[in-house]
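Encoded as structure tokens, the structure appears first; notes follow it.
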Protein chains: 2
Amino acid sequence: MSNKIEINSIYIQELTTLIEHKDSTKVVSKLEELHIADIAEVIETLSSDNAKYIFNLISDEERSAAILVDLEDNTRENLLSDLSAKEIAEEVIDKLESDDAADVIGELSDKTQEEVLSHIEDIDHANDISDLLNYPEDSAGGLMAKELIKVNENWNTVQCLKEMRKQANDVKKVYTIYVVNDDNKLLGLMSLRRLLLTQRSIAIKNIITTDIISVKATTDDEDVANIMQKYDLVALPVVDDIGRLIGRITIDDVMDVAKEEAEKDYQLASGISEDVESSDTIWELTRARLPWLLIGMIGGLFGAKVIGIFNLEKHFELAFFIPLIAAMGGNVGVQSAAIVVQGIANDSLKMENLLHKLFKELGVGLLNGIICSIIILIATFGLGYGMELSLTVSISLLAVIVFAALFGAFIPLTLEKYKIDPALATGPFITTVNDVLGLFIYFWIGQTIL
Amino acid sequence: MSNKIEINSIYIQELTTLIEHKDSTKVVSKLEELHIADIAEVIETLSSDNAKYIFNLISDEERSAAILVDLEDNTRENLLSDLSAKEIAEEVIDKLESDDAADVIGELSDKTQEEVLSHIEDIDHANDISDLLNYPEDSAGGLMAKELIKVNENWNTVQCLKEMRKQANDVKKVYTIYVVNDDNKLLGLMSLRRLLLTQRSIAIKNIITTDIISVKATTDDEDVANIMQKYDLVALPVVDDIGRLIGRITIDDVMDVAKEEAEKDYQLASGISEDVESSDTIWELTRARLPWLLIGMIGGLFGAKVIGIFNLEKHFELAFFIPLIAAMGGNVGVQSAAIVVQGIANDSLKMENLLHKLFKELGVGLLNGIICSIIILIATFGLGYGMELSLTVSISLLAVIVFAALFGAFIPLTLEKYKIDPALATGPFITTVNDVLGLFIYFWIGQTIL
């Protein structure tokens, strides 16, 4: 039993040395020990030339095609750039299932796409791929593969096994067998387990499970991920508008969707505007962070204006608590937005209406605000800031927390209503607006009291 | 083909009315249309009494046991509270696979656990469950089920099918067949597809796949999720220290782990310290948010002290840019920490050493800092804040951005080294420290220049 080999910097160092000595025999034997996912990981860390050297040493085309699918877009583009359209068709696309093939082809230029498609020998395969290319990437159609095993409702299990043996050569992962009628309408499914457990030949109609879940090709990919997770499905059939079976989505494709979505939310909440990884270049990393910083600076300039409006010279002690008020406004807003965003993502908000949600947020804001403002009143007075200033800070804090809590819940709900990604609300813009509005409330209360 | 019924507030309203009229026939027929995952969702939204009413109407024990597994801990506890240990054993645990059974039993008190176990008729099932209860929840052992299909390497495919028919009654989801030797050591696997494609009886040895991945029972659950995602696995065998097969983990159990982990990071980054949902009570939501707010307030009080140290009365104009400096320090710190945290979570940092990482972060920080400080210099001077103040703000901003970028990358790397969740670094503590240190840098530079 071979288990995964740890790919660390020592391993990469050894491999790079072998590549530099052009010791192809040793490189090949090193690569043979690895799972394709590990080879993809190794290739990602190598220079463009070394990556090409290694890739060309992999003689098994099934393996090299699978590695290509596992790579990041840029790396794949680099490796494909040396191949002709004919080579891409014969050495890569022919070895892939239709969904992976469509993903690879989809990144090529329109002209190359056509050329590659024309070089695919298996016409059915070419048609499947060209069909899949019509669906948006983030829809069920963009996730599904055309390869699946289907049987007719009128068959019995023996016929079924025979047909399946024909079909299964094209399908790498078989989880379920779909049952259709003569018009290719999806009627139900049959599990492999059930088929294996049935000893004598019986009609499929007797062992079909009709209580199944399917999606349309236009279903959003996040909805697909939610459905598969909620109903614990490893494969999900895709049907057209009149219920005909047109493809199936497997869980491995969807794992990435769910993870990417969660990562995107996390990046948004941390103020990163593009999908970057720590291994990206300094320039890419800088560019992904600049937008928030720019918005933050504009917010800061507004903040300066707000402070400037008030007569700070006379009550300069108000300045002491600017960081406190600004930070708390931003924090509370993000917290309250984040809970709403996760609620939306998990579909658990479907049942609650907007008004109820806002009332609840008002309750949470009031409770948090009262607790915090009492603590800060005691703390500031105890630290000797005087009763008037302490009262100002305490009352402002309560107002800012309640306001930010409501605002934080309101914005993502509104964004969702207008079909904009609600996670944006935990990002830069709202935080900054909360900061500035919080300052305004603070100085206004300050001027009134002092 | 039955597709999922949309569960919205109207549906819940209708159902509640039927429950109030004790119209059990109509309630039962409404519930029969639903998937167990949907019934669980419905039960979560109902009052405790209504939930019990509905739950008791489900006559199929297989179905009610599966619903229990899908519920949140509190709701499950509420429904189980009416059942005796004997009923729990016979009506729930007997109907569940060992992993789900262990999860349900694990939440009961030690005394009830023993009682329930003693009432399970199938001794093997009871032993399996009591064995699984020994593993920590967040380990491969805590995720795995004991039910699996295994065959001996010396058998042929016909023997194999016969044995499988015996075993498969206990196993609900069959993805792969594990091949072991006489000592139960895991040798490889055989796919159902392969078995179905093999027409004549041949020795299993000839169709076994030996190149497989397994984990030990002590493997961390996040590592399990990463491995299954990386290698596109729907099932993963678990072995003991000497390689004997002791269980298997299926993808549905792991989907939740990966998602929960991503959600936890997002909540940490947004300053929420407990796992809450928007449907939780006001008090739970308040409690989950208070810790960050308290840390934020302490930071704010430190900020006030820092400002107090310097002679603000003389240079009160420095106060204008307090929000700008504080916000930028916090933002940059979170951005840089978030990228490192995601790198660690995705394992892509394994190959890079700490020093290299910090140098890169220095580069990103410098680039961002220079761009921002030039913009702010022009903006503040243009807005009429005077050259000295503009220079102070611009230089401070550069210093704060570079410092926060380094600090933001350093902290999660250090936390990871000491096996503390690095996502904490995007949470309250670091943001606040960055705010305060940023202010200190600003005022120090301000006093030097002005």
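The values are calculated or read from the model by the stated rules, or taken from the named source; none is laboratory data. Being a predicted model, the structure only gives us computed values, none of them experimental. No Cβ is skipped: glycine too gets one built from the backbone with ideal geometry, and neighbour counts run over all protein chains shown.
Each row is one residue, and each column tells you yes or no for (1) more than 23 Å from residue B:279 (Cα to Cα); (2) at pLDDT below 90; (3) in contact with a strand residue (DSSP E or B) (Cβ under 9 Å, 6 or more places away or on another chain).
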{"position": "B:21", "(1), (2), (3)": "yes, no, no"}
{"position": "B:26", "(1), (2), (3)": "yes, no, no"}
{"position": "B:30", "(1), (2), (3)": "yes, yes, no"}
{"position": "B:47", "(1), (2), (3)": "no, yes, no"}
{"position": "B:69", "(1), (2), (3)": "no, no, no"}
{"position": "B:72", "(1), (2), (3)": "no, yes, no"}
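Within the stretch A:420-431, at least one residue is modelled with pLDDT under 85, within 11 Å of another protein chain (Cβ to nearest Cβ) and more than 22 Å from the chain's Cα centre (by Cα).
Exactly one residue out of A:371, A:395, A:378 is over 26 Å from residue B:44 (Cβ atoms), at pLDDT 90 or above, within 8 Å of another protein chain (Cβ to nearest Cβ) and in a helix (DSSP H, G or I), and it is A:371.
To keep it simple, each residue is scored yes or no on (1) of a type outside the set (Phe, Trp, Tyr); (2) assigned by TED's automatic domain parsing to the domain that holds residue A:444; (3) touching a Phe, Trp or Tyr at 6+ places or on another chain (Cβ under 7 Å); (4) within 30 Å of residue B:375 (Cβ to Cβ).
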{"position": "A:286", "(1), (2), (3), (4)": "yes, yes, no, yes"}
{"position": "A:291", "(1), (2), (3), (4)": "yes, yes, no, yes"}
{"position": "A:294", "(1), (2), (3), (4)": "yes, yes, no, yes"}
{"position": "A:325", "(1), (2), (3), (4)": "yes, yes, yes, yes"}
{"position": "A:329", "(1), (2), (3), (4)": "yes, yes, no, yes"}
{"position": "A:360", "(1), (2), (3), (4)": "yes, yes, no, no"}
{"position": "A:377", "(1), (2), (3), (4)": "yes, yes, no, no"}
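Among the residues of the stretch B:299-319, which ones are in a loop (DSSP other than H, G, I, E, B) and among the basic types (Lys, Arg)?
The one that is in a loop (DSSP other than H, G, I, E, B) and among the basic types (Lys, Arg): B:314.
When residue B:401 is tested against the conditions (1) at pLDDT 85 or above; (2) part of a loop (DSSP other than H, G, I, E, B), the lone failure is (2).
Per the listing B:282, B:298, the residue uniquely modelled with pLDDT of 80 or more and facing chain A (nearest Cβ under 8 Å) is B:282. Listed conditions (1) within 14 Å of chain B (Cβ to nearest Cβ); (2) under 20 Å from residue A:87 (Cα atoms); (3) not small (Gly, Ala, Ser) are all met by residue A:39, apart from (2). Total residues in the stretch A:34-84 satisfying the condition of being over 29 Å from the mean Cα position of the chain (by Cα) and of a type in the set (Asp, Glu): the figure is 4. The combined condition, being within 12 Å of chain A (Cβ to nearest Cβ), over 23 Å from residue A:268 (Cβ atoms) and surrounded by fewer than 22 Cβ atoms within 10 Å (Cβ to Cβ), is not fulfilled by residue B:322.
Scan B:6, B:44 and give me the residue that is of a type in the set (Asp, Glu), exposed (fewer than 13 other Cβ atoms within 10 Å of the Cβ) and within 12 Å of chain A (Cβ to nearest Cβ).
Criteria check complete, one pass: B:6.
Among the candidates A:259, A:166, which residue alone is surrounded by fewer than 17 Cβ atoms within 10 Å (Cβ to Cβ), of a type in the set (D, E, K, R) and free of Cβ contacts under 8 Å to residues at least 24 places away in the same chain? Among A:259, A:166, only A:166 is surrounded by fewer than 17 Cβ atoms within 10 Å (Cβ to Cβ), of a type in the set (D, E, K, R) and free of Cβ contacts under 8 Å to residues at least 24 places away in the same chain. Considering the conditions (1) loosely packed, with under 15 Cβ neighbours inside 10 Å; (2) polar (S, T, N, Q); (3) within 29 Å of the chain's Cα centre (by Cα), residue A:112 is excluded by exactly one of them, (1).
Does the stretch A:184-197 include one or more residues that are outside the structural domain of residue A:101 (by TED's automatic domain parsing), free of Cβ contacts under 8 Å to residues at least 12 places away in the same chain, under 19 Å from residue B:232 (Cα atoms) and crowded, with 16+ Cβ neighbours inside 10 Å?
The answer is no, given that none of the residues of the stretch A:184-197 is outside the structural domain of residue A:101 (by TED's automatic domain parsing), free of Cβ contacts under 8 Å to residues at least 12 places away in the same chain, under 19 Å from residue B:232 (Cα atoms) and crowded, with 16+ Cβ neighbours inside 10 Å.
Here the condition is being aliphatic (A, V, I, L, M), surrounded by fewer than 21 Cβ atoms within 10 Å (Cβ to Cβ), without any contact (Cβ under 8 Å) to a residue 60 or more places away in the chain and farther than 30 Å from residue B:141 by Cα; of B:309, B:282, it holds for B:282 alone.
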